[in-house]
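**Student:** Here it is, the structure in full.
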Amino acid sequence: EGVGPQEYTLIKMKLKEPYPPKLSGLKGKPVFLVAATLRPETMFGQTNCWVRPDMKYIALLTKSGEVFITTRRAARNMSYQEMTAQNGKTEVLLELIGQDILGCPLEAPLTSYKVIYSLPMLTIKEDKGTGVVTSVPSDAPDDYAALRDLKNKPQLREKYGIKDEMVLPFDPIPIIDVPGYGNLCAVTACDVYKVNSQNDRDKLTEAKEDTYKKGFYEGIMLVEEYKGQKVQDVKKIIQARLIQENAALLYKE
Ligand code: A2H
């Protein structure tokens, strides 16, 4: 990929108790699904979290005593970035697969939905970020396509044990205006590039590149606190705010 390391914002999404059976041994401990994002300023628009049902994850003990759900690969990177209990060593509390943590209620920072759910996305890569992805369907074409698939396909929900109420009430939230593309630019882009499902990889790549550039260079914030400000000008400010509120961390790979 790129030349130097890529810096991500790790968003902490708090798992609500009671935990699913596989995680019952973690009862009483603070557990977070942690998602690597390039767009911290879009966290106002989170509608759900994505995990890949067949992918392996671990529960990692961090030095602050919190438990992070992530891939082993990312946990290793975290240990070099002084996030784990003993510097340089990863303390693994348990191993699981995505299926074990699907349909779980979560509290995520900044979004107007009080509780969101972990849902299946089949295109998550094992060698990027934490393997957990936060979903912002207003501004990320991949997220919009995958959420629309789940909304339109009852059999897909059924296959993964996802209840209607974890998906159907969650609509994209207008958080950024892109002149000419409107206030739900991922929805517009999926339309323009004729994306039919999350498996339309080539079209999604085009839609993603287009919206990513437009969002960054031309996007104007719509959310109350940052209304009228450019995405470029508030991105770092919102990232710093999330970190300061202990809702996020910096992570490189
Ligand atoms: B982004 P890059 Cl609003 N597999 O966050 C697939 N996708 C992954 C991933 C994985 N293992 N880990 C992270 N990602 C996603 C927000 C967002 C993102 C918006 C718009 C565009 C966008 C909300 N989802 O990314 O290959 C995460 O989604 C477009 C590039 O390192 C992360 O940021 O460039 C982004 O891909 C990192 O991808």
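**Student:** Is it the case, given these coordinates, that Thr130 is farther than 28 Å from Thr71 by Cβ, among the hydroxyl-bearing types (Ser, Thr, Tyr) and either more than 10 Å from the ligand (Cβ to nearest atom) or modelled with pLDDT of 95 or more (or both)?
**Tutor:** So Thr130 does not fit the description; no.
**Student:** How many of the residues making up region 19-69 are small (Gly, Ala, Ser) and either touching a strand residue (DSSP E or B) at 6+ places or on another chain (Cβ under 8 Å) or surrounded by 24 or more Cβ atoms within 10 Å (Cβ to Cβ) (or both)?
**Tutor:** Total meeting the criteria: 5.
**Student:** Please go through region 77-124 and give me each residue that is part of a helix (DSSP H, G or I), of a type in the set (A, V, I, L, M, F, W, C) and over 17 Å from the mean Cα position of the chain (by Cα), ordered by number.
**Tutor:** Met78
**Student:** I need a count of the residues in region 211-246 that are within 20 Å of the chain's Cα centre (by Cα) and acidic (Asp, Glu).
**Tutor:** Qualifying residue count for the region: 1.
Yes/no matrix, rows are residues, columns are (1) more than 8 Å from the ligand (Cβ to nearest atom); (2) surrounded by fewer than 16 Cβ atoms within 10 Å (Cβ to Cβ):
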position: Glu95; (1), (2): yes, yes
position: Glu107; (1), (2): yes, no
position: Val115; (1), (2): yes, yes
position: Thr123; (1), (2): no, yes
position: Thr134; (1), (2): no, no
position: Asp143; (1), (2): no, no
position: Ala146; (1), (2): yes, no
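**Student:** Does Leu222 meet the test of being touching a residue at least 40 places away in the same chain (Cβ under 8 Å) and within 13 Å of the ligand (Cβ to nearest atom)?
**Tutor:** No.
**Student:** Does region 147-158 contain at least one residue that is of a type outside the set (Asp, Glu) and under 15 Å from the mean Cα position of the chain (by Cα)?
**Tutor:** So far as region 147-158 goes, yes, one or more of its residues are of a type outside the set (Asp, Glu) and under 15 Å from the mean Cα position of the chain (by Cα).
**Student:** So the check is Cβ under 8 Å with 6+ separation or different chains; which pairs have a first residue in region 167-190 that's at pLDDT 95 or above and a second one that's surrounded by fewer than 22 Cβ atoms within 10 Å (Cβ to Cβ) and among the acidic types (Asp, Glu)?
**Tutor:** Pairs found: Val178/Glu218; Asn183/Asp177; Ala189/Asp210.
**Student:** A follow-up question, please. Restricting attention to region 7-47, report how many residues are in contact with a helix residue (DSSP H, G or I) (Cβ under 7 Å, 6 or more places away or on another chain), within 10 Å of the ligand (Cβ to nearest atom) and in a strand (DSSP E or B).
**Tutor:** Going through region 7-47 one residue at a time, the tally reaches 2.
**Student:** Would region 106-129 turn up any residue that is acidic (Asp, Glu) and in contact with a Gly (Cβ under 8 Å, 6 or more places away or on another chain)?
**Tutor:** Within region 106-129, not a single residue is acidic (Asp, Glu) and in contact with a Gly (Cβ under 8 Å, 6 or more places away or on another chain).
**Student:** Across region 217-232, which residue is modelled with the lowest pLDDT among those that are part of a helix (DSSP H, G or I) and surrounded by fewer than 17 Cβ atoms within 10 Å (Cβ to Cβ)?
**Tutor:** Tyr217
**Student:** Quick check on region 79-127: of everything there that is of a type in the set (Lys, Arg) and farther than 16 Å from Ala36 by Cβ, which residue is modelled with the highest pLDDT?
**Tutor:** Lys114
**Student:** Can you tell me which residue in region 185-219 is farthest from Asp143 (Cα to Cα), limited to those that are near the ligand (Cβ under 10 Å from one of its atoms) and aromatic (Phe, Trp, Tyr)?
**Tutor:** It comes out as Phe216.
**Student:** Could you go through region 240-249 and let me know if any residue there is of a type in the set (A, V, I, L, M, F, W, C), buried (at least 20 other Cβ atoms within 10 Å of the Cβ) and more than 30 Å from Arg76 (Cβ to Cβ).
**Tutor:** no
**Student:** Turning to a different aspect of this structure: Output the residues belonging to region 157-169 that are surrounded by fewer than 19 Cβ atoms within 10 Å (Cβ to Cβ) and part of a helix (DSSP H, G or I).
**Tutor:** Glu158, Lys159, Asp164, Glu165
The values are calculated or read from the model by the stated rules, or taken from the named source; none is laboratory data. Since this is a predicted model, take the numbers as computed values, not measurements. Cβ: placed from backbone, ideal geometry, glycine included. Neighbour counts: every protein chain shown.
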